[in-house]
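One structure below.
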Amino acid sequence: MMTLNFVLLQSAQGAQGGGGMAFWIMIIAFIAIMYFFMIRPQKKRQKEIDNFRKGLQVGDEVITSGGVHGTIRQIDGGDNVVTLEIAKDVKIKVDRNCIFAKGSLDQQAK
């Protein structure tokens, strides 16, 4: 009876050792899935947004993240500030990172 308990205990401990390897494989697979389905596409989208903001030029019609429509009249690269004309002789300064989209709302609806 004593040897039977010893053999069962040994086999139970051996089974636990194999489970540890499967655990690490599952963790690595989960991290890989998170990277390819969440992190990588987000980095790609952020790179596209950065390139869009770097390519802004005077005269472009833009929409800010707050929903203000305007035309770029001046770009100050050092301070990262863009001057928008939102109506005749009405100009505001916004941070370049607040520029959300190019074009007016009428153009995007088409």
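Points worth noting:
- Flag if LYS43 is touching a helix residue (DSSP H, G or I) at 6+ places or on another chain (Cβ under 8 Å) and open to solvent by 50 Å² or more (accessible area, probe 1.4 Å): no
- Contacts under 6 angstrom Cβ, first residue in the range 58-73 being touching a residue at least 12 places away in the same chain (Cβ under 8 Å), partner in a strand (DSSP E or B) and among the small types (Gly, Ala, Ser), 6 or more apart: ILE63/ALA101
- Cross-chain or 6+ apart pairs with Cβ under 8 Å, the range 33-56 first and within 13 Å of ILE99 (Cα to Cα), then surrounded by 10 or more Cβ atoms within 10 Å (Cβ to Cβ) and among the polar types (S, T, N, Q): ARG53/ASN97
- Only residues that are under 13 Å from ALA101 (Cβ atoms), open to solvent by less than 60 Å² (accessible area, probe 1.4 Å) and of a type in the set (Gly, Ala, Ser) were counted across the range 66-81, and they come to 2.
The values are calculated or read from the model by the stated rules, or taken from the named source; none is laboratory data. On a predicted model such as this, the values are computed, not experimentally measured, just so you know. Here the Cβ is made from the backbone with ideal geometry for all residues, glycine too, and neighbour counts use every protein chain on show. Note: accessible area is taken over every heavy atom of the protein model, side chains too, but ligands, DNA and RNA are not part of it. Shrake-Rupley method; radii C 1.70, N 1.55, O 1.52, S 1.80 Å.
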